[in-house]
Structures are given as C-alpha cells and as structure tokens.
1. Sorting Met116, Met179 on the 10 Å Cβ count, fewest up front, what's the list?
2. With +1 on the Cβ of every Lys and Arg and -1 on the Cβ of every Asp and Glu, and nothing else charged, how large is the dipole of the chain about its Cα centre, in debye rounded to the nearest 20?
3. Which lysines, on any chain, are close to Lys13 with Cα under 26 Å apart, when same-chain ones fewer than 8 places away are left out?
4. For the chain, would you read off the P(r) tail past 22 Å as a percentage of all alpha carbon pairs?
5. According to a simple spin-label model (label point 7 Å from Cα along Cα-to-Cβ), what is the distance in nm between Phe92 and Ser236?
6. Can you give the angle from 0 to 90° between the axis of helix 181-194 and the longest principal axis of the chain, with both taken from C-alpha atoms, to the nearest 10?
7. Please figure out what share of the DSSP beta bridges in the chain is antiparallel and state it in percent, rounded to the nearest 5.
8. With n ≥ 4 as the cut-off for DSSP H runs, can you work out [θ] at 222 nm for the chain, using -39500 (n - 2.57) per run divided by the number of residues, rounded to the nearest 500?
Amino acid sequence: MNANTLKLEGVAKTFGVVRVLEAIDLDIRQGERHALIGPNGAGKSTLFNLISGAFAPTSGLIALNGTSIGGLVPHALNRAGLGRSFQITHVFDRLTVRENILLAVMGRFGKRWSLMRIGPVWAQIAEETDRLIAGANLAAQAGKRAADLAYSEQRAVEICMTVGTGASVILLDEPTAGMSREETRHIIEFIRRMTEGRTLVMVEHDMDVVFTLADRVSVLVNGRILVTGTPAEIRSDPRVREAYLGDGEH
Ligand SMILES: Nc1ncnc2c1ncn2[C@@H]1O[C@H](COP(=O)(O)OP(=O)(O)OP(=O)(O)O)[C@@H](O)[C@H]1O
C-alpha cells in the first residue's frame, strides 16, 4: 500500500519545443492540504492540468494510490477518486444551487436525472446535498438559479459540486481568485471543513490563503520544484524569498 496518495516522478511537459516542466518529483500525502505556488509562468497551471488529466505528461509517472493515472481522461480520473474544480466556474447557470449540487451527488451514487426521486438512495442523495448546502452557508440561495448568485457564491457551489462527487483527492485551481477579503476568509473556512479527511491540492496566488490552509507547500520556479515544506519552512527559506516572495510581485 502506497502511503502517498498522489505521486509524481520525473514528470516533464513540453509544448512544441517549449519545455514547461522538467523532472517534477512530488509526493502528496493522504489527507494533507498541499499548495502549489510560484511566480507567474512557473508552470503551476500546467502541472495542475497534468494532475487533473487535462494534458498528458510528455514523460514521467503520475500515480494515484500506487496506480498510474498519467494521461487518463478526466471522467476516468473521477472514477479513480480525483475531483477537480476549475478556475473558471463550471456551474450550470440555469439550474438552481440545489439542482447543481444534487447533480454532482447523483453522479457519485450512479443515479441519473429523474422526476421520480423516491427510495433510500434518493433520500441519501438529498441528505448529502442538503449537508453540502448547509456547510457552504448556501441555504438561503438553494432555490436561486446559479446565474443569479454572486461570484463567490458560484465558487462555493462549484466547490460543493467537486466535493459532492465523493472524490478523495480534491484539486482546486485558485479557489479565492476574484474574491474580497471577507469572501476569502469565509471560503477558506469552508474549504477547510469540506476537505476534512480528504486530500487537497490547490494552486493559489494569495499567500495568506496558502499559509492559513496548507499543511505543506511546493514552490515551483522555472518548471521545477524548488522546495517542498511546511508553511513555516517555506516562509523562512532564503531560496524561496529570492526566487519568489522577495520579487515584490505578490
Ligand atoms: N499550451 C501552451 N503552449 C505553449 N506554451 C505554453 C502553453 N501553456 C503554457 N505555456 C507556457 O508555459 C509556461 C508556464 O505556464 P503556466 O500557465 O503553467 O504557468 P503558471 O505558473 O500557472 O503561471 P500564472 O501564475 O501566470 O498562471 C509559460 O511560459 C507559458 O507561456
């Protein structure tokens, strides 16, 4: 049994002649919250896209619980227990908050949309949907169309949908992008609650979020992992300061 939920070994990605990622080794441990940070253009999104199956690696191994997943299509990854939320919101605008989240939870229970939602499985689906809605403080919005929500509320719906699929590894791409301080504070608490007992991998620019939420942080610079460590280790690492935190950009 492999203790590392997600393992990357020698992962590289080139686009044409451009080598974007090189020799990436990364061990994401079961149950940890792991942040990927780095200066603009370091390769964070590319790495995230490789892990979530949007791109296949040019070389190297990506394994989930000891099984290679490199190059699997997203729905196959989903079945393997990996759930991804996107930087660009992927909720269904015309459906209500509850319907959106219900859809994600239904998928987990292998159910399709139906008007006859009776029986023990549907009761379980409804219960889980309501638990997510309550956890995200979305009860007052449950009957509203997703299109009519504030941006931060749409992001919360999206995170509920990702968690609702039952994924044991949750991937979040800049979960607080475009949010106010207050919204950010709220969503951090929400993510913390929702990922309890699961593994979280996130790309995040906001250092307050990273240092508050992450158990470990990997710093990516020029397509390579410069260092992986606890927030305290990362904060005090002179290489990180030089390469990233000290560049005055963030
Ligand atoms: N499809 C592509 N074709 C060619 N080059 C690409 C492609 N996607 C990304 N790149 C290049 O790869 C490098 C890394 O990009 P990436 O978006 O992964 O960085 P990032 O760390 O996420 O940056 P940011 O913080 O600005 O989002 C950049 O130089 C980018 O121009």
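Throughout, read-outs are computed from the coordinates displayed, never taken from laboratory work. This one's a predicted model, so the numbers in the text were calculated from it and none came from an experiment. Backbone-built Cβ (ideal geometry, glycine too); neighbour counts: all protein chains shown.
1. Working: Met116 6, Met179 20.
In increasing order of surrounding Cβ atoms, one gets Met116, Met179.
2. On the way: 28 positive and 28 negative charges, 154 e Å.
It works out to roughly 740 debye.
3. Lys13 reaches Lys44.
4. Details: 17017 of 31125 pairs.
Here the tail beyond 22 Å accounts for 55 percent of pairs.
5. 5.1
6. The angle comes out at about 80 degrees.
7. 55
8. Result for the chain, helices only: -10500 deg cm²/dmol.
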